[in-house]
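I have placed the structure first, in the form of structure tokens, so that the comments after it can refer back to it.
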Amino acid sequence: MIYDVIIIGGSPAGLTAGIYIARKKLKAVILTKNVGGQCLLTDTIENFPGFDLISGRELSEKMRAQSEKYGVPAREGVEVESIEKTDDNFLVKLKGGEKMEAKSVIIATGKSPNKLKIPGEKEFENKGVSFCTTCDAPLFAGKDVAVIGGGNSGLNAALDLVKYANKVYVLEYGARIIGDELLQERLKQSGNAEFLLNAEATEIRGGSFVEKIIYQDKKSGGTKEIFVGGVFVNAGWLPATGFLSAQCGVDLNEKGEVVINPKTNETSVQGIFAAGDVTDVKYKQCVIAAGEGAKAALSAYEYLMS
């Protein structure tokens with residue numbers, strides 16, 4: 001079977017692409033390790049139009065159902081190993097040896113958060129451990145919280161949180177604060193932010209929810225703890241582009257993100273499109289990813305028709 005479109009990734013970008021492709025009556029399939037992608041990292045979404053409050057999993061399942069209703073199924077539990085250009089089409093190889101062929105491809109594999117790999121991090125995901133302040137900061141109103149990780153992204157995360165939280169601790173691994181002076185000054189002026197330097201987080205503890213962080217004071221060598229109701233891990237994000245080899249021909253930027261034409265979402269390879277957080281689009285948000293998925297699908301349709 002030769003598909004019109006193979007969509008790689010079951011994130012909001014990939015699922016929305018599936019909905020639009022389905023309505024164009026094209027033969028397509030969504031390939032994904034899990035439906036939802038990064039949406040599954042947040043228990044509650046309050047900034048997606050049309051929903052006052054919805055879980056990431058529920059939103060993803062609604063998108064999946066809509067795509068499958070019109071004839072584009074999502075194959076869950078599969079992982080793409082490579083994409084190769086044939087004479088006229090694209091050969092998509094899955095881990096395990098299966099090969100699939102398509103006239104066009106949409107890449108929507110998103111990003112994965114760098115993990116601290118400390119005890120308690122995995123156990124308390126969605127139970128106080130979060131990777132997105134834009135998504136989850138309002139859920140921690142009135143609580144003491146911590147941001148693990150510095151730089152501008154860590155400072156911006158803390159600025160998101162000081163609007164809601166009672167107290168925000170910023171754990172900085174180094175001996176000085178890294179990031180723009182202006183951001184640092186804003187946090188200091190907020191009155192409810194505290195910087196902990198030379199702090200290496202070693203464990204997250206709690207009962208049914210996060211209760212405290214254990215960290216090592218690298219200067220004194222001692223072990224300390226702070227009581228918090230939330231932990232925001234800010235160790236960076238990695239675009240899921242490991243399956244795109246140089247032979248594939250898709251251009252990546254210095255961050256490993258797929259470079260796209262912002263008008264069409266086409267990559268450097270004609271017939272391959274990309275959408276969502278895996279691309280070099282500036283803002284990484286669920287609603288933006290969904291819109292980008294629609295753009296990629298419509299562009300793929302135009303490509304196929306031409």
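Every read-out reported here was derived from the displayed coordinates using simple, explicitly stated rules and does not represent laboratory data. Quantities reported herein were computed from a predicted structural model and do not represent experimental measurements. No Cβ is skipped: glycine too gets one built from the backbone with ideal geometry, and neighbour counts run over all protein chains shown.
A few comments on the model shown:
- By the rule of a second cysteine Cβ within less than 4.7 angstrom, the chain holds isolated cysteines at 39, 248, 286.
- Between residue 51 and residue 175, the simple label model (points 7 Å from Cα in the Cβ direction) yields a spacing of 4.8 nm.
- Theoretical FRET efficiency, 1/(1+(r/R0)^6), r = Cβ-Cβ of residue 82 and residue 152, R0 41 Å, to 0.05: 0.75
- The chain: angle of helix 12-23 to the longest principal axis, Cα-based, in degrees nearest 10: 20
- With 0.36 nm allotted per residue and the present C-alpha distance subtracted, the residue 117-residue 62 stretch has 16.6 nm of extension available.
- Part-to-part distance (alpha-carbon centres) for the range 148-212 and the range 49-112, which is given in Å: 36
- Helix 181-190 vs. the chain, principal-axis angle (Cα, 0 to 90°, nearest 10): 60
- Taking Cα atoms only, the orientation of helix 56-69 departs from the longest principal axis of the chain by about 10 degrees.
- Shape category assigned to the range 129-233 from the gyration tensor of Cα positions, a/c cut at 1.5: oblate
- Loop-resident sites, the range 248-289, for GluC sites (Glu not before Pro), counting at most 16 other Cβ within 10 Å (DSSP): 254
- Ellipticity estimate at 222 nm from DSSP helix runs (n ≥ 4, -39,500 (n - 2.57)) divided over the chain, nearest 500: -7500 deg cm²/dmol
- The chain: radius of gyration over Cα atoms, expressed as a fraction of 2.2 N^0.38 Å: 1.09
- Around the amide H of residue 48, modelled in the peptide plane, lies no amide H under 5 Å away from a residue 5 or more places distant or on another chain.
- Relative pair counts by distance (%), Cα atoms of the range 23-172, 5 Å bins: 2, 8, 13, 16, 16, 13, 10, 10, 7, 4, 1, 0, 0
- Label point distance in nm, residue 91-residue 166, each placed 7 Å from Cα along Cα→Cβ: 6.2
- Taking chymotrypsin sites (Phe, Trp or Tyr not before Pro) across the range 228-306, the ones in a DSSP loop with at most 16 further Cβ atoms lying within 10 angstrom of their Cβ are 283.
- Each of residue 227 and residue 208 was given a label point 7 Å from its Cα along the Cα-to-Cβ line. The distance between the two points is 1.9 nm.
- Applying a DSSP loop filter and a limit of 13 other Cβ atoms within 10 Å to the chymotrypsin sites (Phe, Trp or Tyr not before Pro) in the range 142-217 leaves 209.
- The stretch between residue 34 and residue 263, if pulled fully straight at 0.36 nm per residue, gains 79.6 nm over its current Cα-Cα span.
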